[in-house]
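Each remark here refers to the structure printed beneath this line.
Read-outs throughout are calculated quantities, based only on the coordinates presented, and are distinct from any laboratory measurement. Note that the coordinates shown come from a computational prediction; the quantities given were computed from them, not determined experimentally. So basically every Cβ, Gly included, is an ideal-geometry build from the backbone, and we count neighbours across all protein chains shown.
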Amino acid sequence: MNLTGFLPSLNSDQITKLESLADVFLEWNQKMNLSAIRDRDAVLLKHIVDSLLILPHGWIKDGDRVMDLGTGGGFPGLPLAIAYPKADFILVDATEKKVRAVQSMADQLGLKNVRCVAGRAEQLGRVDKYRETFDVVVARALAEFPTLLEYCLPFVKVGGKFIAYQGPELSQTWKQYQNVALELSGDITEVKGAILPVEKAKRCFVVVKKLRKIFGKYPRRTGVPKKEPLG
Ligand code: SAH
């Protein structure tokens with residue numbers, strides 16, 4: 001599969017790096033189970049192109065500090081770090097061995113703007129150096145939407161945004177979550193549909209702007225945001 005046609009805003013170095021990412025990811029995925037997707041073209045499409053469907057929106061800027069929460073095998077964080085070499089990326093996952101694999105991938109690719117951190121959202125969200133310090137937080141396939149808001153919004157600085165990679169249903173149902181977003185000092189300001197090429201699968205991006213400082217009680221303790229979602 002040729003990436004260039006799908007990613008017209010990237011230069012040839014970036015395209016080459018994304019192709020190398022597919023190779024490095026496939027190597028690591030053989031050593032440990034990072035993803036059920038094992039075919040190179042499928043990795044290029046379902047992980048790499050899918051991670052970069054946000055590019056046309058221009059939501060990430062040079063100099064931004066960006067967190068990918070629940071990065072798993074490095075998505076969308078690693079492709080975004082290649083697309084935005086002048087932004088700084090912190091990739092977080094609760095599973096330490098995944099974090100070590102993703103940091104190795106970033107190092108193999110020479111990505112100097114990537115740092116991987118092991119930890120849970122509920123705990124790191126209370127650590128001063130992470131709490132309310134990010135211009136942008138992204139997450140794909142991490143949790144159900146209300147849980148996701150409680151995991152992610154504590155990291156976003158006032159005036160910054162959380163971008164959720166979602167399935168198409170959120171373009172219909174997002175209004176029912178606005179009260180949960182507001183309780184967590186967020187405001188759902190944009191909901192944009194997207195289509196994954198080739199497969200023509202529907203996606204949706206939900207942008208939640210951070211309005212003010214979040215209450216000290218959030219995030220609640222480990223396990224509670226998932227077991228007892230707000231709303
Ligand atoms: N974002 C990746 C992986 C999704 S799987 C992708 O789209 O391919 C969800 C990941 O979130 C898993 O790797 C899991 O370890 C991590 N995770 C789940 N709950 C978490 C939490 N509370 N804090 C941090 N990471 C979490």
- Item | Selected residue [free of Cβ contacts under 8 Å to residues at least 60 places away in the same chain and among the charged types (D, E, K, R)] from K61, K98, K86 | K86
- Across segment 156-183, the tally of residues that are part of a helix (DSSP H, G or I) and more than 11 Å from F205 (Cβ to Cβ) stands at 11
- Filtered residues of segment 75-103 (kept if over 18 Å from F205 (Cβ atoms) and touching a Phe, Trp or Tyr at 6+ places or on another chain (Cβ under 7 Å)): A81, A101
- Would you mind telling me which numbered condition in (1) assigned to a strand (DSSP E or B); (2) more than 9 Å from the ligand (Cβ to nearest atom); (3) touching a Leu at 6+ places or on another chain (Cβ under 6 Å) Y130 fails? (1)
- Message: Filter segment 110-138 down to the residues that are surrounded by fewer than 15 Cβ atoms within 10 Å (Cβ to Cβ) and not charged (D, E, K, R) and list them by number.
- Response: G110, Q123, V127
- Query: Name the residues in segment 72-109 that are within 20 Å of G125 (Cα to Cα), near the ligand (Cβ under 10 Å from one of its atoms) and surrounded by fewer than 24 Cβ atoms within 10 Å (Cβ to Cβ), would you?
  - Reply: G72, A94, T95, E96, K98, V99
- Restricting segment 147-172 to residues that are more than 25 Å from K213 (Cβ to Cβ) and either touching a residue at least 24 places away in the same chain (Cβ under 8 Å) or surrounded by 16 or more Cβ atoms within 10 Å (Cβ to Cβ) (or both), which is farthest from the ligand (Cβ to nearest atom)? S171
- Query: Which number in (1) within 11 Å of the ligand (Cβ to nearest atom); (2) crowded, with 19+ Cβ neighbours inside 10 Å; (3) within 24 Å of V49 (Cβ to Cβ); (4) not β-branched (V, I, T) marks the one condition that A141 misses?
  - Reply: (2)
- Query: Among the listed residues K31, K61, which satisfies the condition of being more than 9 Å from the ligand (Cβ to nearest atom), basic (K, R) and farther than 26 Å from R212 by Cβ?
  - Reply: K31
- Looking at segment 1-118, what helices (runs of 4 or more DSSP H) fall wholly within it and have at least 3 residues that are touching a strand residue (DSSP E or B) at 6+ places or on another chain (Cβ under 7 Å)? 77-83, 96-108
- Which of the residues belonging to segment 211-231 are among the small types (G, A, S) and away from the ligand (no atom under 13 Å from the Cβ)? G216, G231
- Item | Sole residue being surrounded by 15 or more Cβ atoms within 10 Å (Cβ to Cβ) and either more than 15 Å from the ligand (Cβ to nearest atom) or without any contact (Cβ under 8 Å) to a residue 60 or more places away in the chain (or both), chosen from V198, V208 | V208
- Every listed condition ((1) assigned to a loop (DSSP other than H, G, I, E, B); (2) surrounded by fewer than 19 Cβ atoms within 10 Å (Cβ to Cβ)) holds for Y218 save (2)
